[in-house]
Each structure stands twice: as structure tokens, then as C-alpha cells.
1. Of the residues 243, 222, 202, only one is part of a helix (DSSP H, G or I), crowded, with 22+ Cβ neighbours inside 10 Å and of a type outside the set (Phe, Trp, Tyr); which?
2. Within the set of pairs 6 or more residues apart or between chains, which connect a residue that is free of Cβ contacts under 8 Å to residues at least 40 places away in the same chain inside segment 278-297 to a residue that is acidic (Asp, Glu) and surrounded by 21 or more Cβ atoms within 10 Å (Cβ to Cβ) with Cβ atoms less than 8 Å apart?
3. Take residue 173 and tell me if it is surrounded by fewer than 21 Cβ atoms within 10 Å (Cβ to Cβ), touching a residue at least 40 places away in the same chain (Cβ under 8 Å) and within 28 Å of residue 380 (Cβ to Cβ).
4. Would a scan of segment 275-287 turn up a residue that is surrounded by 23 or more Cβ atoms within 10 Å (Cβ to Cβ), touching a His at 6+ places or on another chain (Cβ under 6 Å), closer than 16 Å to residue 318 by Cβ and among the aromatic types (Phe, Trp, Tyr)?
5. Within segment 262-273, track down each residue that is out of contact with any strand residue (DSSP E or B) (no Cβ under 8 Å at 6 or more places or on another chain) and either in a helix (DSSP H, G or I) or under 19 Å from residue 120 (Cβ atoms) (or both).
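We did not get these values from a lab; they are worked out from the coordinates using the rules stated. Keep in mind the model is a prediction, meaning the values are calculated, not measured. Neighbour counts are summed over all protein chains in view; Cβ atoms, including those assigned to glycine, are modelled from backbone coordinates with ideal geometry.
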Amino acid sequence: MRIRNSALHILQLGIERKYKDSDLGVESSSSCSSLLLHLPVWFIMFGRLLSSLVGLSCLMTVLGGPVTLEKRVPMFDQDITAPHPVPKVVTREPMFDQNITAPHNVARATNAVPSNPRFVVYGDRFVPGLFSPPPADQIGGFNVFVLSFLLISGPADKAPDRASIKQQYNAAGISLIVSAFGSTDAPTSIGADPTATAITFANFVKTWGLDGIDVDYEDFNAFNAQDGSAETWLTTFTTALRAQLPQGQYILTHAPVAPWFSTAKFPGGYTEVNRNVGSLIDWYNVQFYNQGTTEYTTCAGLLTTSSSTWPNSAVFQIASNSGVPLNKIVIGKPATSGDANNGFIPTSTLATCVNQAKSQGWNAGVMVWEYPDATSSWIQAVRALAFPV
């Protein structure tokens, strides 16, 4: 780095005086006039930048006052417009304030694991004026509310005062759980330890008195690699989770996309996960959306005959081909067309499909993404034919 002005150069030379005068054969002097007298001699040297009160004192005398360090010029002009828009990083509201001590003895419902059918709603969107899960009367007809998401880096979204809301939910028969990972986490690809992650997440559930956890694993690169890494990671993670959250006391669900049950496309996939740890999983919140504009949009495509793009991934095909019990296959749909890229069907159509499935022996329930687009009125319309409220 080049020295920008003579003042800094003089400072360097003054600092060197204490150590270099004797080497040059110059008589040492503590006066500033002596320092300046020998200045031409010192200009031929490259000094070492060492702290010296003598040099600094002399420099202050020469300059007639204290040294003011020059402000550095920014590397980039802050007023220059970037050639392309730079994405703004949005800070997500923490689900739980990390500086708040967790409450003790938070009441958990004795019926925390609901029986069939399960009606599940996720909450991920910020709602102005609402920093907690919605009041129970806004989600009547649901029996599970899912806080989203618990990430490897920590919780994100929502900041509820859970103690009071839990009492409401318990009284209304609504379980409160948290969903792990979501679309922003890729635990296998980043090398997260499945056992350590499971223990951390289970401790979070227990610390905050939640009723369980949903595993929304969306590490598509790991599954697409088809090398068994995703299946192995999920098997280890689920086993460790269940060891910490005993069955019957805590809810443990998974939320796979439907095509991961297609053995033609994913020879292992969630068929293998279910084979390995399905007995530890209470049910699957299967995402029958975001898989193509025409996928799972009719009752036939949703229930009995999926397309050739994702063969054998409709509800009854998952049961027969992947060995998942019908009563564990919860049908997941977006509340509105704006809640997903595709896969939305009107509530009246979904109600018809649910009724058809029930008539064929299915009673697992319905999952929806997301509150506040899905409230009591939404689920009541979907349940109207098969499971009226």
C-alpha cells in the first residue's frame, strides 16, 4: 500500500529515529530541530513502522497540533447504482425470542396425538398484528396447527406467546406442533448430522411444550442423486427423533412431495423411508401440489390414477405400491391458487374428492398450506360432505 502524503512519511521517519540514529552515525538528540536537521539522511531509508512516543511528539510539534487520521475512502461508491437489482435479504421474524427463558411446566394436552381424521393447517405467513398462532376460534375444524419453520440455523417465522394460546388449543382439541426444514433447508446436502440435529430439534419441542414435530424435508438434490443419501439421512434422523419424543406422547409426521412415493422415478424415495421407519411416523402430510399444472387436479388423478409423469403416486396407489397404510396418507393441498405454483383445486372439488376417498375406506384427513387463507370456513367447506363439523 502506498503512503499517501508527507505527514505519514514524516511519522514513519520520526518513529524510526529512536532505533536508527546510531546505525547512521548520527548524534542522538531528543529535540525536534535535531530530528528535522537529519531528515535528508533518513529519507534514504525504509523504516519499520513501530510505535514511538518520541517520533509522534516531534511530528505533532512540526505540524503544530495533534495528528488527525484521514478517513478511508469507501471501496465502492454507495451512490452508484448496481448494474442489476440486488436481492434484498429479508430478516424473518423469529418464532421464539432466543433471549426469553423458556417457560416451565407448560401444559400439554393428554390427547396431543389426534385420532383419524387429521385436519392440519400450516402457518408461515406474517400476519400484521398477530405474533402468535391464531386464536382457536379462527381455526375451528382443524385439529393440528403447524408452526413453520424450525431450521438448522434456528427457528424462523412467528413470535408467539405460546403459554396462553396453548391453553386455548388444549381446550379446543387442537395440537400445536412445529415443522422442520421446509424449502430453505437442505440438511443432507450441507452435511448436517442427523442424530445431533434430531436431538436439538427434540429439545426445542420439549423446551417449549409443543405437541410434536413435522418433518418437511425438501432436499431435492439429495433425493435426485438417487444414491441413498436422503433415505439414510431421514431414517437416522427419524429414529433419533422418536427416541427423544416417545410415540403416543408426541406427534411425529413427515410431509413429503407425492412423487417421492413413485418407485418408477425414485426406486428408494419415501417408499424406502416408510419401509425403514414408517412405524415411527404417525402420518404423512403428503404434498399433492407444485408438481405440474395438471398433476393431482382431478379426483381421479389425486386418488386413484396419477399421471405418467409421476406414476403410482396418487393416494390409493401410494397405499398399494409403497405399503403406506391408507389412514396415514393425509391429502395436502394449497388453500388458494396463490399459495402454490400449481396443484390448487377449488374447495368444492376437494370436498368431493375427500368424500369419494372416504367411501373407499380412506379416513386419514386433509392438510392445507396455509393460514390465514385457510381458516374455519375453508376446512368446514372441505369437510362438509365426508366429515361435517
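1. 222
2. No pair meets every condition.
3. On the way: surrounded by fewer than 21 Cβ atoms within 10 Å (Cβ to Cβ): yes; touching a residue at least 40 places away in the same chain (Cβ under 8 Å): yes; within 28 Å of residue 380 (Cβ to Cβ): yes.
Spelling it out, residue 173 is indeed surrounded by fewer than 21 Cβ atoms within 10 Å (Cβ to Cβ), touching a residue at least 40 places away in the same chain (Cβ under 8 Å) and within 28 Å of residue 380 (Cβ to Cβ).
4. Yes, there is a match, as at least one residue in segment 275-287 is surrounded by 23 or more Cβ atoms within 10 Å (Cβ to Cβ), touching a His at 6+ places or on another chain (Cβ under 6 Å), closer than 16 Å to residue 318 by Cβ and among the aromatic types (Phe, Trp, Tyr).
5. 269, 271, 272
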